[in-house]
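The values are calculated or read from the model by the stated rules, or taken from the named source; none is laboratory data. Everything numeric in this text was worked out from a predicted model, so none of it was measured. Here the Cβ positions follow ideal geometry from the backbone for every residue, glycine too, while neighbour counts run over all protein chains shown. Only protein heavy atoms, including side chains, enter the accessible area calculation; ligands, DNA and RNA are left aside. Shrake-Rupley method; radii C 1.70, N 1.55, O 1.52, S 1.80 Å.
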Amino acid sequence: MIKWFAAILGYYVFRFPGAILGFIIGSFFDNLKSSGSGGGRSVFRDITQQHVSPADFEINLLSLCSIVIKADGSVSQTEMDYVRRYFVSTYGKDKANAIFRTFNEVVKKREVSAERICNYLNQRTRYEVRLQLLHFLFGIAQADGTLRPAEIDKISEIARYFRVSNIDFESIKAMFIKSADNAYKILEIDKSVTDEEVKKAYRTMAKKYHPDRVNTENEAIKKGAEEKFKEVQKAYEIIQQERGL
């Protein structure tokens, strides 16, 4: 099926964020095939609340990418190449080029509004999907090797429009900015806590993010939970090394 092919290609190029986004986008095309043949329930219906066409999803996703790329006042070719490689790996060169042409035409006709795009997607996607989109946007911002304050601020703004909680946003951001302080943020504790409180927080967060607690048939969401669980483990290891636990 298309979603699995897209997920494999996405993982090969962009690791877990690419696999998750590839699975989501591929599901849109699988849905078109199943709906055309009178098929049953699809993953597309699982991850969306209302119908949204693949073309609309692609344009809105590219629009968010462009907002993040322009956030620091300059357009990084490395970041542009990151986005293009992902779309080429997901759709193929011809389809990706067609998407970019359509995107360029849309941008010329209207101003790209992060608030409008997010409000549109909020009505049509589940919360878990929007978390994975934020993860992808962070990947774009970091593609040139530097995650700049202006880029972080812009993704933070998008997160607010997506109605993502501050705790979830800080958790995703901490996955891209590695430091002991962010390790504490992942475990949702202050740096001043005792060693025993660190251990207790780790047990709590490991239980909270354990993949077995994700009750869904959506493989993309499951993979996202597995990735978060790994990040919790990594955060605890960083604090262990810092404190000599």
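Below are the figures for this structure:
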item	result
Test: residue in segment 77-84 that is under 15 Å from the mean Cα position of the chain (by Cα), closer than 19 Å to Ser171 by Cβ, outside any loop (DSSP other than H, G, I, E, B) and not charged (D, E, K, R)	no
Residue in segment 138-161 that is touching a residue at least 40 places away in the same chain (Cβ under 8 Å), open to solvent by less than 70 Å² (accessible area, probe 1.4 Å), closer than 21 Å to Ala55 by Cα and not aliphatic (A, V, I, L, M) present	no
Members of segment 204-213 that are open to solvent by 80 Å² or more (accessible area, probe 1.4 Å) and either modelled with pLDDT of 90 or more or touching an Asp or Glu at 6+ places or on another chain (Cβ under 7 Å) (or both)	none
Any hit, segment 181-196, residues being charged (D, E, K, R) and surrounded by 20 or more Cβ atoms within 10 Å (Cβ to Cβ)	no
Some residue of segment 88-98 being closer than 13 Å to Ala159 by Cβ and aliphatic (A, V, I, L, M)	no
Filter pass, Ile140 being in the same structural domain as Ile59 (by the TED database), modelled with pLDDT of 85 or more and touching a Ser or Thr at 6+ places or on another chain (Cβ under 8 Å)	no
Matching residues in segment 107-137 - criterion: being among the polar types (S, T, N, Q) and modelled with pLDDT under 85	Thr125, Gln132
Condition check for Ser113: farther than 19 Å from Lys228 by Cβ and either touching a Ser or Thr at 6+ places or on another chain (Cβ under 9 Å) or surrounded by 17 or more Cβ atoms within 10 Å (Cβ to Cβ) (or both)	yes
First in segment 180-208 and assigned by the TED database to the domain that holds Asn166, second anywhere and loosely packed, with under 12 Cβ neighbours inside 10 Å, Cβ under 6 Å, 6 or more apart	none
Number of the condition not met by Gly73 [criteria: (1) loosely packed, with under 14 Cβ neighbours inside 10 Å; (2) in a helix (DSSP H, G or I)]	(2)
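Residue-by-condition table, conditions (1) closer than 30 Å to Pro211 by Cα; (2) within 15 Å of the chain's Cα centre (by Cα):
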{"position": "Val75", "(1), (2)": "no, no"}
{"position": "Thr90", "(1), (2)": "yes, no"}
{"position": "Asp94", "(1), (2)": "no, no"}
{"position": "Phe100", "(1), (2)": "no, no"}
{"position": "Asn104", "(1), (2)": "no, no"}
{"position": "Thr125", "(1), (2)": "yes, yes"}
{"position": "Leu134", "(1), (2)": "yes, yes"}
{"position": "Thr146", "(1), (2)": "no, no"}
{"position": "Ile158", "(1), (2)": "yes, yes"}
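Results for (1) of a type outside the set (Asp, Glu); (2) under 15 Å from Ala143 (Cβ atoms); (3) outside the structural domain of Pro149 (by the TED database); (4) free of Cβ contacts under 8 Å to residues at least 24 places away in the same chain, shown as yes or no for each residue.
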| site | (1), (2), (3), (4) |
| --- | --- |
| Leu64 | yes, yes, no, no |
| Thr78 | yes, yes, no, no |
| Arg84 | yes, yes, no, yes |
| Phe100 | yes, no, no, no |
| Val112 | yes, no, no, no |
| Leu121 | yes, no, no, no |
| Thr125 | yes, no, no, no |
